[in-house]
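To start, the structure under review is shown below, and the notes come after it.
The values are calculated or read from the model by the stated rules, or taken from the named source; none is laboratory data. Because the structure is a prediction, the values reported are computed rather than measured. Glycine gets a Cβ as well: all are built from the backbone with ideal geometry, and neighbour counts include every protein chain shown. Side chains included, ligands, DNA and RNA excluded: accessible areas come from the protein's heavy atoms. Shrake-Rupley method; radii C 1.70, N 1.55, O 1.52, S 1.80 Å.
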Amino acid sequence: MKHFVTGAALLIVLAVSSWVSAQVVRGNPKDGQAVYQQHCLRCHGDKLDGNGPESGDLITQPANLLSQTSRAKTDWELLVTISNGALFTPMHGFRGKLTDQQMLDVLSYIRSVAPFDAVS
Ligand code: HEC
């Protein structure tokens, strides 16, 4: 009986963890690059360093996505900003302008250039 319970518990853990890993953000970085060039480059720049052609005109400077601060943020945190924007800054939300898939794509493009790096 004890073995059965442990076995069942293990199965549940496995089932849940595969479900959780299926929730991991999946985007296509190549498609994301096109989205980036069209919608983000003018502010965040072609190197993602925040020096886009329009960045000089802005009250709040675009985030340098290569910075340690941005890289230490989780995919989820970045996605929330992409989707909802940053309050009182020129970074407006893209929900409604981009599809969910396009937001995942652009996120995976950003991560392919500036991988997640937790501050140690
Ligand atoms: C009009 C200029 C502008 C455009 C266009 C723009 N951004 Fe931003 N973005 C900003 C600014 C300004 C900030 C910084 C906000 C702040 O300081 O809180 C920012 C912040 C961000 C952040 C948060 C970074 C962090 O470390 O928290 C992400 C992620 C981001 N932008 C991604 C994007 C993506 C992806 C696009 C295109 C789909 C995009 N931005 C388009 C101006 C822009």
**Asked** Residue check: is GLY27 more than 8 Å from the ligand (Cβ to nearest atom) and in contact with a Ser or Thr (Cβ under 6 Å, 6 or more places away or on another chain)?
**Response** yes
**Request:** Look through segment 92-119, keep the residues that are over 15 Å from ASN64 (Cβ atoms) and β-branched (Val, Ile, Thr), and return whichever of them is nearest to the chain's Cα centre (by Cα).
**Result:** VAL106
**Residue check for GLY52: open to solvent by less than 60 Å² (accessible area, probe 1.4 Å), without any contact (Cβ under 8 Å) to a residue 40 or more places away in the chain and either within 10 Å of the ligand (Cβ to nearest atom) or in contact with a Gly (Cβ under 7 Å, 6 or more places away or on another chain) (or both)** = yes
**Complete:** Counting only residues in segment 81-100 that are more than 8 Å from the ligand (Cβ to nearest atom) and among the hydroxyl-bearing types (Ser, Thr, Tyr), the one most open to solvent (accessible area, probe 1.4 Å) is identified as THR99
**Request:** Scan segment 111-120 and give yes if some residue there is without any contact (Cβ under 8 Å) to a residue 40 or more places away in the chain and either more than 8 Å from the ligand (Cβ to nearest atom) or crowded, with 19+ Cβ neighbours inside 10 Å (or both), otherwise no.
**Result:** yes
